[in-house]
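Report on the structure given below.
Values in this text are rule-based calculations from the coordinates and carry no lab data. Source: prediction; values computed, not measured. Heads up, the Cβs are rebuilt from the backbone with ideal geometry, glycines too, and the neighbour counts pull from every protein chain shown.
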Amino acid sequence: MLGTCHHDCPDSCGWEVTVEGGVAVKIRGNPAHPYSQGELCPKVNRILDRVYSPDRILTPLIRDGAKGEGKFRQASWDEALALVATRLDDVITSWGGEAIVPWGDAGTQGSLMMNSLDRRFFAKLGSSRQVDSLCGGTAAYATVTAIGSPLTCDPLDVRYSKLVLLWGTNTKLTNRHLWPFIEEARANGAKVVVIDPVRTITADAADQFIQPLPGTDIALMLAMMHVIIRDDLVDHDYVSNHTSGFEELAAHVAEWTPSHSAAICGIEADVIETLAREYATTTPAFIRTLIGAEHREHGAQFFRTIVCLPSLTGAWKLKGGGYSRSVGSYVNDFVNDSSFDAPHLAAGKPRRPISMNTIGWALTTKELNPPVKALFVYNGNPVATAPQAGLTMQGLSREDLFTVVSEQFMTDTARFADVIFPACTQLEQDDVVTAWGHLYLGYNHKAIEPVGESVPNTELWRRLSRAMGFTEPELFESDDSLLERYLTGVDVDTLRRDAVIRLPVPDDLRPYANGGFATTSGRHEFANAELERQGHGRLPRFATANEGPAGPMSTTYPLVLMSPKTHQRFLNTSYSHLSAHADPEGEMYCDITADDARARGIQDGELVRVFNDRGSVEVVARVASTTRTRPGMVIVPFGWTWSRTRDKNTVNVLTSDTPTDWGGGVAFYDTLVQVEAVPSRHEHR
Ligand SMILES: Nc1nc2c(c(=O)[nH]1)N[C@H]1C(S)=C(S)[C@@H](COP(=O)(O)OP(=O)(O)OC[C@H]3O[C@@H](n4cnc5c(=O)[nH]c(N)nc54)[C@H](O)[C@@H]3O)O[C@H]1N2
Ligand SMILES: Nc1nc2c(c(=O)[nH]1)N[C@H]1C(S)=C(S)[C@@H](COP(=O)(O)OP(=O)(O)OC[C@H]3O[C@@H](n4cnc5c(=O)[nH]c(N)nc54)[C@H](O)[C@@H]3O)O[C@H]1N2
Ligand code: SF4
Ligand SMILES: [Mo]
């Protein structure tokens, strides 16, 4: 049976499941998938362990202990649904629908299961509306404000490039199926440069690695523009035909000399000189980003600035040139996402916005009226993935909060639930999977019947609607009918047959080869009046992060904490509780340079406490074994789950919930900490 991976991963690989007697016995990559080409990854190669794991939640569960203790008893669907319906009715009667808050992320990227009938169910409840994004919103909106549209180049065109800048993306880990296309470019003579504060596995594989201080890239970009303009490496035709504000930009970057930026970025000035000249004189030159660099106080400004580079040099003109980030928005012309909406079900009730990024605050603040009295979590694990996890756990421990979680496993969040509903895995449900790392749409055929009493998310929303006594037919629409109205612009028969179809976009995509920016002037406006009006600067600007290196808080907490994905075998926090995945990754650690460790009397392998005002985690220090970090910066990886940590705390107890400058993201990576040895509990690995 052909299918498509549902994980929150740019690759959206095609797979093939072998089923014998109703049991999935084997999974492998679909060799006919044009992008993933028969390969999966170390996570999903073992997905059957996950599907049939003895730890899987297979019946509804009702809390049978203290909040967060993780003690539950099995219950029938009828009992659990009735309990939830009664509690929601009580909340609505006493506090109004807005006291109910949904929190759903991209645990599955299948269109139906990620976000379809849930919109209608919560509209009918008149609940609060979930807004903002832990992932992607900032990069997308920043690109829109800069060039009028989120659309950028086809990532696969990287294969035609001669110079590839992987800027704040860990391709070999997070977007692994793009790597062969980069290798193809390399075989044809391309040079690959990685720009990242962390020496990642992608940096190890590159021709050149540039390691700026975290959050200082905008200074680097401004200096590159300085060199390009100073040395007249500008594509004047492109600039005069398709951009505006060049003179203002030129005046603005005049002071951004390489030596000025070098001091801010913590790199050598001649590295910037050479990078700028190579970028402007090598054709085609391709810049690739993904998400990582957006998780910062000035995350949107990063993306607004980076798009200036290909417009200055005209790199957009050639296949293999330009700039590529998420290409998820291309699908919007071929599906009807709003067909899932049914706002009339809210019957005009007010629905206040609640940011998913600051859920810890929302659950603990006295400022919200009504306060949050019921929380629904699905497709996500906010205790481990949203910042300020200490607040989230404190909020979830409230006796007067009713928490419902739909899950496959006893996650950091599920253990705080009052009621858990068992969710199907991708093998047990039909869906359509859009991709953000390539231009193919995937179909997922259900391969096996639901394991235990688990249900697809759409079925959960239907059951809840029934239990609440709702009668509007929109709440009960079938999956087939939903899909039929959603898939408006693709050949559905081919999609179902092959489980993958190329979006009907031109082979030669080059979105801005001839300008045509989606701004009102049709030009890339370097001097941006709208951003000026919003207070983000008429021209791209660098500012020190409040909680970044050299920022005002660095006197109290001197070390910058990076918490990126570093794990081959986890997908965010998914899989991190399974031994076959977690054991080879080892335990959660803190990478620290030898000098920073020595200054604190910390030895390699010793237990340390990484802390700030928000919380602390106990992890093992890696000193000698690491060249990953740089002085003044430590790394505690993201993805580990509570059952695999020493003190049930994940790195997000430390991270900042400061919003990004615009775009609705959050500044996880602008977090400052201190590290100290944990007295008298020395351990060696
Ligand atoms: N194996 C695996 N693959 C995954 C995931 C996973 O958990 N595991 N998660 C998936 C998800 S949800 C996403 S969003 C994607 C993310 O894909 P990426 O965006 O490629 O990955 P991230 O690790 O979020 O960030 C990429 C890099 O940005 C760097 N970075 C952070 N701040 C800065 C900065 O200021 N400047 C520069 N230049 N670089 C910076 C980080 O050090 C990191 O190495 O990966 C997906 N793929
Ligand atoms: N410090 C730090 N924090 C980060 C990041 C970081 O790099 N550093 N990365 C951020 C990013 S980019 C992202 S995307 C977020 C990810 O944050 P989350 O989306 O919360 O990520 P996961 O931990 O993978 O949680 C997905 C959950 O969905 C469940 N699930 C899967 N399929 C289904 C289904 O069909 N139905 C139901 N009901 N559940 C399902 C899985 O079992 C899993 O527990 O984390 C963010 N947090
Ligand atoms: S997690 Fe990503 S790389 Fe792995 S199979 Fe799924 S889409 Fe492919
Ligand atoms: Mo993400």
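Only one residue of L561, L275, L233 has its Cα farthest out toward the positive end of the dipole of the chain, where Lys and Arg carry +1 and Asp and Glu -1 on Cβ, and that residue is L561. Kirkwood analysis of region 559-684, using all unique Cα-Cα pairs, places the hydrodynamic radius at 14.9 Å.
Which percentage, to the nearest 5, of the DSSP beta bridges contained in the chain is antiparallel?
Numbers: 37 of 79 bridges.
Of those bridges, close to 45 percent are antiparallel.
Relative to one another, the C-alpha centroids of region 188-241 and region 569-627 are positioned 30 Å apart. Taken over the alpha carbons of the chain as equal point scatterers, the Debye sum produces base-10 log I(q)/I(0) values at 0.08, 0.09, 0.12 Å⁻¹ of -0.61, -0.78, -1.42.
Residues whose amide H comes within less than 5 Å of that of L559, counting only those at least five positions distant or on another chain, are V673 (H built at 1.01 Å from N in the peptide plane). Projecting label points 7 angstrom from Cα along Cα→Cβ for A580 and A187 puts them 3.2 nm apart.
Checking the table K67/K373; K366/K565; K26/K446; K349/K373 against a 26 Å threshold on Cα-Cα, which pairs fail?
Details: K67/K373 15 Å; K366/K565 34 Å; K26/K446 14 Å; K349/K373 18 Å.
Result: K366/K565 exceed 26 Å.
A dipole drawn for the chain from +1 and -1 charges on Cβ atoms has a positive end, and of M224, Q534, A203 the residue lying farthest that way is A203.
Cα centroids of region 244-320 and region 471-508: how far apart, whole angstrom? Cα centres, region 244-320 to region 471-508: 39 Å. Less than 5 angstrom separates the built amide H of G437 from those of V327, all sequence-distant by 5 or more or on a different chain. Only alpha carbons enter this Debye calculation for region 262-417, each as an equal point scatterer, and the log10 of I(q)/I(0) it gives at q = 0.16, 0.17, 0.21 Å⁻¹ is -1.04, -1.09, -1.34.
Within 10 Å of each residue's Cβ, count the other Cβ atoms and sort K648, K124, K366 from fewest upward. Please list the in-between numbers first.
Working: K648 16, K124 23, K366 6.
With the fewest neighbours first, K648, K124, K366 line up as K366, K648, K124.
Distance between the 7 Å Cα→Cβ label points at E69 and E248: 6.3 nm.
With K and R counted +1 and D and E -1, the other residues having a Cβ less than 12 Å from that of R277 yield a net charge of -4.
Taking the Cα centre of the chain as origin, work out the dipole magnitude from +1 charges on Lys and Arg Cβ and -1 charges on Asp and Glu Cβ, in debye rounded to 20.
620
For D647, the residues 5 or more places off, or on other chains, whose built amide H falls under 5 Å of its own are E618. Taking every DSSP beta bridge that has both ends in region 559-684, the antiparallel portion is near 70%. For K648, what charge total do you get from the other residues with a beta carbon under 11 Å from its beta carbon, if Lys and Arg give +1 and Asp and Glu give -1? Local charge sum for K648: 0. Using only alpha carbons, region 31-154 has a radius of gyration to Kirkwood radius ratio (Rg to Rh) of 1.06.
How would you order 552-560, 168-176 from highest to lowest mean count of nearby Cβ atoms within 10 Å? Intermediate results must be reported in sequence, preceding the final value.
Working: 552-560: 16.7, 168-176: 22.9.
Ranking, from highest mean packing down: 168-176, 552-560.
In region 419-544, the C-alpha radius of gyration followed by the widest Cα-Cα span (Dmax) gives 22.2, 58 angstrom.
In whole Å, what is the distance between the alpha-carbon centres of region 136-183 and region 2-72? Region 136-183 and region 2-72 have Cα centres separated by 27 Å. In the chain, helical runs assigned H by DSSP with n ≥ 4 each contribute -39500 (n - 2.57); averaged across all residues and rounded to the nearest 500, the mean residue ellipticity at 222 nm is -7500 deg cm²/dmol.
The charge dipole of region 559-684, taken about its Cα centre with unit charges on the Cβ of Lys, Arg, Asp and Glu (plus for the first two, minus for the last two), comes to roughly 160 debye.
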